[in-house]
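Inspection log for the structure reproduced underneath, given as structure tokens.
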Amino acid sequence: MFQNKEIKQSLTQQETPFYFYDLELLTRTLDAAKKAADKRNFHIHYALKANFNDKILSLIQSKGYGADCVSGGEVEKSMEIGFPAEKITFAGVGKSDKEIIAALKHKIFAFNVESIQELEVINELAEQIGEKANVSLRINPNVDAHTHHYITTGLDENKFGVPNSELEKAASVIKSCAHINLIGLHFHVGSQITDMNVFKSLCVKVNEWKNFFEERGTYIKVINVGGGLGVDYKNPDANPIPDFEAYFDVFDKFLERTAQHEVHFELGRALVAQCGTLVSKVLYTKSGVKKNFLILDAGMTELMRPALYQAYHKIEKIGEIEADSKFMNYDVVGPICESSDCFGKEVELPICERGDLIAIRTAGAYGEVMASNYNLRNEIRHYFKEK
Ligand code: LLP
């Protein structure tokens, strides 16, 4: 989509670097996910952590999604945007007392609780202010997500959720907590998962743990299976919208449930990754001893995924490619004083010059939100394509 004259012209008028969001693609993605979920009576809470840009959140809210938050700030932001409190969940291993009290006062839908001590604290705080907290207990199912180890969350060695060995105790603590109402179980095994067998294995564990609680007389209304559906970083134009049908189908087939059970999802990346692109300008071209470098005006401060996870993002030169264009391999780097400030090595591109525009694709999730002002960099700008 970035190889045409018109888009180059419109982008050339903006000051770089900036995030370009294609709201038309976002709308189509949201509609596709919602349709596939509604068909099966599944509920989606959008994971704000992937992107909390106001315009994007408002669009997501207007489509009837709930909000999955991991900080008091995200809970406040969801309320401001207009997500109804009964569609807001609050997760995370380290909720502070202040954040818990504020969320209780907002009467959010549920807390996803990650430890026995947290259960006791929420119970105590709810008692102090005369509230009752709805909670879903996050269980660590020990399922390998086969993704980057920094974004794997459901293994025994990860800090997330209550380990299996503690569940018996958790069940009895919940029964003794008068200000806690257990409504569900919560699972999340990792992010950027493209192998549907991982979700199938998750369903098997979910069934086991749901039965474990129900056999002990605790009815589980909400089965929250988290997020994690991956996107195609290699071919964003061929696969702009993830296969939501195939994804929800796995849960439809393998989750044991009755009509009274509600199935909840917390999708982040799959909804917003492909609609975002980081647009940057070539500041300099430089031939090193062994390498040709393209030095951009965006760096790890604008998009840190490559530096942090060695993540691949497709890099393209913006504008038409002539039939007789010559190509060259470049290491595409940013201006930050760190060797890890590199978006891609040996990237084959049409020969670039100072001033050319570069697109770093599939950057809508965990891009802008992870930006920093290290090196006292300017705050990142945005540009929205509405139609
Ligand atoms: N639910 C929980 C409990 C989570 O921890 C996460 C993501 C999600 C839902 C949403 O997952 P998604 O559908 O987006 O995969 N910064 C990393 C990703 C970190 C994911 C953290 N948790 C990256 O850039 O790849």
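Nothing in this text is a laboratory measurement; each read-out follows from the coordinates by a stated rule. Since this is a predicted model, take the numbers as computed values, not measurements. For neighbour counting, all protein chains shown are included, and Cβ atoms are generated from backbone atoms with ideal geometry for every residue, glycine included.
Here are a few things to note about the model shown:
- Global form of segment 23-272, assessed from the alpha-carbon gyration tensor, a/c cut-off 1.5: oblate
- Axis angle, to the nearest 10 degrees, between helix 72-81 and the longest C-alpha principal axis of the chain: 80 degrees.
- Global form of segment 269-387, assessed from the alpha-carbon gyration tensor, a/c cut-off 1.5: oblate
- Reported to the nearest whole Å, the Cα centre-to-centre distance from segment 299-347 to segment 26-63 is 30.
- For segment 296-302, 3J(HN,Hα) computed residue by residue from phi via the Karplus equation (6.51, -1.76, 1.60; θ = phi - 60°) reads 9, 8, 10, x, 4, 6, 9 Hz, glycine and proline entered as x.
- By average C-beta atoms within 10 angstrom, highest first, the peptides 40-53, 12-25: 40-53, 12-25
- Each of ASN181, LEU283, ASN378 was placed along the dipole of the chain (beta-carbon charges, centred on the mean Cα), and the one lying farthest toward the positive end is LEU283.
- By the beta-carbon count within 10 Å of each Cβ, the least crowded to most crowded order of ILE351, ILE81, ILE220, fewest first, is ILE351, ILE81, ILE220.
- Full-extension gain in nm, SER10 to GLU320, via 0.36 nm per residue minus C-alpha separation: 110.2 nm
- Available extension along the chain between GLU256 and SER176 is 26.0 nm, counting 0.36 nm per residue and deducting the alpha carbon span.
- Fewest-first ranking of MET370, MET304, using other Cβ atoms within 10 Å as the exposure measure: MET370, MET304
- Per-pair calculated FRET efficiency, R0 = 25 Å: TYR309 and ASP54 via Cβ, rounded to 0.05: 0.40
- Linear extension gain, SER340 paired with SER165, 0.36 nm per residue minus alpha-carbon span: 59.0 nm
- Which of PRO141, MET79, PHE18, positive extreme of dipole for the chain (C-beta unit charges): PHE18
- Placing unit charges on the Cβ atoms only, positive for Lys and Arg and negative for Asp and Glu, gives the chain a dipole magnitude near 320 debye about its Cα centre.
- Rounded, prolate or oblate (a/c below 1.5 giving rounded, otherwise prolate when a/b exceeds b/c) for segment 1-101 by Cα gyration tensor: oblate
- In this simple spin-label approximation, ASN158 and ARG354 carry label points 7 Å from Cα along the Cα→Cβ vector, and these lie 4.7 nm apart.
- Take 244-252, 103-111 and order them by the average number of nearby Cβ atoms within 10 Å per residue, most first; the result is 103-111, 244-252.
- Rounded to the nearest 10 degrees, the angle from helix 244-254 to the longest Cα principal axis of the chain is 30 degrees.
- The simple spin-label model puts a point 7 Å past each Cα toward its Cβ; for TYR374 and GLU86 those points are separated by 4.5 nm.
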